Structures are given as C-alpha cells and as structure tokens.
Amino acid sequence: LIEGDNYHALQCLNYTHKGKVDVIYIDPPYNTGSDGFVYKDDRILDKYPNGSVVDANHPLRHSYWLSFMSKRLKLAKNLLSEKGVIFISIDDNEQANLKLLCDSIFGEKNFVAQFIWKKTSNPNSTGNNIGIEHEYVVVYAKSNNYELQGLSLTEEDFEKYTGRDEYFESRGPFKLVGLNKTGTIT
C-alpha cells in the first residue's frame, strides 16, 4: 500500500515495478471547474498557482491539467510491460486534450480504442439544455505488442463469444455488451 500524492506513489512504484504492469486504470480529475481539481505541482511551475482550486474560468486551467497529467502518464507508461495497456476515464471537458496528450506520450500508433460508457439514465442539463449521459474510456498500449487477453475463461464462458468480423482470424470471436454504469457485464 502506497499512501500519498499519486505522482509520488507512481515514482515509488517505478523503482519496484518498472516494466512489469500489464493493466493500469486511472480516473483523473476531469477539470470541470467544480470537481475540486487543485494544481499545486511546483515541479514545473513555481509561480502559478498556490495550491488553490482551479476554477472553470481560470485562463490556464487546461494548461495546468495537461502539465499535471503529462508527468503522471509518463510515469504510468514506464510501469507498463511491453504488452501493457492503460485505460483512462474522462468526460467531454478534457477528452480531446487527453487524446492529444496520450498520442504524444504513447504514440498515435499505440491508440487502441475509445469506449463510450453510459454513466446515467437521468442526465442533468449542462446549462445548454443538453443532458450528458456518457463519458469515455481512452485506451492506449505501451507498444504494438499489447494483449487484451490473458483472461481465464472456462469453456462455458468462451461459448458466449460468438461474434465474428473481418478480424476473426487474428483476434478471435467477440461478444457485444452494454457499457452502462448501472448494469453488470457478464
């Protein structure tokens, strides 16, 4: 158990687990201006900010968030094995910035997928009379050698995978399931 700032924890893990982790999932601050995102990382910027909450109108909030995420994603990449993948949850607020940042850190060729998952059945209006009911999970591999396999499936489990597409020969069968927060995946 490592307790403390996630940047410090990632640094510590790099001493013992560098290149050994197959799967990482992170749920970073979404930088909505109301999520309590505090940028107090003085490792790069020493004049801004002073550890206060970065609100939605702050002129540098996207820059702060990208700097905050960049250092952590680089450390996370170091932890990944050659067949490792990283899953990152995000909403519309920073999704485009996260994709570009990950392209620069992991490489565009290592982009695996972007999943959309339904987070609610009763979306609240964003102020634009538009209710948002989904978020994203962005997936990158450390290298082209990634494997989304290694699952221990019984013969009964495997029989549920009946879908076929043009990649069947190289990837095998698949099963479509809903990505709803309130549902379960079986």
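The values are calculated or read from the model by the stated rules, or taken from the named source; none is laboratory data. All figures in this text were calculated on a predicted structure; none of them were measured in a lab. Using ideal geometry, Cβ is built from the backbone for each residue, glycine included, and neighbour counts are taken over all protein chains shown. Remember, those area values only see protein heavy atoms, side chains included, never the ligands or the DNA or RNA. Shrake-Rupley method; radii C 1.70, N 1.55, O 1.52, S 1.80 Å.
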Subject >> Any pair with Cβ under 9 angstrom, 6 or more apart, that starts in the stretch 2-31 at a residue that is among the hydrophobic types (A, V, I, L, M, F, W, C) and open to solvent by less than 50 Å² (accessible area, probe 1.4 Å) and ends at one that is assigned to a helix (DSSP H, G or I) and at pLDDT below 80 >> reply: I26/N6
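Considering only the stretch 83-119, how many residues are in contact (Cβ under 8 Å) with a residue 40 or more places away in the chain and out of contact with any strand residue (DSSP E or B) (no Cβ under 9 Å at 6 or more places or on another chain)? Give the derivation first.
In the first step, residues of the stretch 83-119 are kept if they are in contact (Cβ under 8 Å) with a residue 40 or more places away in the chain; the result is 83-95, 98, 115-119.
Now restrict to residues that are out of contact with any strand residue (DSSP E or B) (no Cβ under 9 Å at 6 or more places or on another chain): 93-94.
Final tally of qualifying residues: 2.
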**OP:** Go over the candidates L100, L179 one by one and state the one that is hydrophobic (A, V, I, L, M, F, W, C), at pLDDT below 70 and either open to solvent by 80 Å² or more (accessible area, probe 1.4 Å) or farther than 26 Å from N78 by Cβ (or both).
**Re:** L179
Original post:
Taking interchain pairs and intrachain pairs at least six residues apart, which have beta carbon atoms under 7 angstrom, with the first residue in the stretch 161-172 and of a type outside the set (G, A, S) and the second surrounded by 10 or more Cβ atoms within 10 Å (Cβ to Cβ) and not in a loop (DSSP other than H, G, I, E, B)?
Top reply: Y161/F174
Subject >> Filter result for D55 (at pLDDT below 90 and under 30 Å from L176 (Cα atoms)) >> reply: no
**OP:** Working only within the stretch 67-82, note down all residues that are surrounded by fewer than 19 Cβ atoms within 10 Å (Cβ to Cβ) and without any contact (Cβ under 8 Å) to a residue 60 or more places away in the chain.
**Re:** S67, S70, K74
